[in-house]
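Throughout, read-outs are computed from the coordinates displayed, never taken from laboratory work. Quick caveat: nothing in here was measured; it's all calculated off a predicted structure. For neighbour counting, all protein chains shown are included, and Cβ atoms are generated from backbone atoms with ideal geometry for every residue, glycine included.
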Amino acid sequence: MEQRLNVHVKGQPAMRALYGMASYLENSKVDRSLLNLIQYRVSQLNGCAFCLDMHSKDLRAEGETEQRLFVLDAWRDAPFYTERERAALAWAEALTKLNGGVPDEVYREASLQFSEEELIDLTFSVIAINSYNRVNIAFPAKVGTYQPGAFKKQTIS
């Protein structure tokens, strides 16, 4: 798909707001690899090619296995995700699909695996990636050019 406009240039004030959320999440007590995993899963659900490319590369650079990435769409049936990852993935899916409120069982499982602060951070991570997905779907960027860790260098001015 052809890029419609460069939102990172034309929409700098709006994008800075999203960068602020990303900066906040850099200090999260939730492992970066888990945040990237749920961001990858949410990007699958939303069909955001740019974010799938980005998060798959970041995850691989962090040591994530190809097998876990290839099967992530079927995480409920695959044996190689931890209970903590499963709780985070269920939480992320419930917040992304928005079929009403988050089911009590999903909340119970998440609250068993994460502190209140971590659960807030997971929630804001899901909010952030859903926002980025929607920006990238509205104004597609060139897919395939992302280099691992490139957005860690993003600064808020």
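How much length is gained if the chain between residue 9 and residue 23 is pulled fully straight, taking 0.36 nm per residue apart and subtracting their Cα-Cα distance, in nm to one decimal?
Separation in residues times 0.36 nm, less the Cα-Cα distance, equals 3.1 nm.
Extension gain residue 78-residue 120, at 0.36 nm per residue separation less the Cα-Cα distance, in nm?
12.5 nm
Given N residues in the chain, what is its alpha carbon radius of gyration divided by 2.2 N^0.38 Å?
Ratio of Rg to 2.2 N^0.38 Å for the chain: 1.02.
If you take the beta carbon distance between residue 32 and residue 102 as r and set R0 to 25 Å, what does 1/(1 + (r/R0)^6) give as a FRET efficiency, to the nearest 0.05?
That gives a FRET efficiency of 0.60.
Rounded to the nearest 500, what is the 222 nm mean residue ellipticity of the chain from helices alone, with -39500 (n - 2.57) per DSSP H run of 4+ residues and division by all residues?
-19500 deg cm²/dmol
Pull out the extension gain between residue 145 and residue 66, defined as 0.36 nm times the separation in residues minus the alpha carbon to alpha carbon distance; nm, one decimal.
Full extension from residue 145 to residue 66 adds 26.5 nm.
Which of the peptides 114-127, 32-45 is most tightly packed, and how do the rest follow, going by the mean number of other Cβ atoms within 10 Å of each residue?
Descending mean neighbour count gives 32-45, 114-127.
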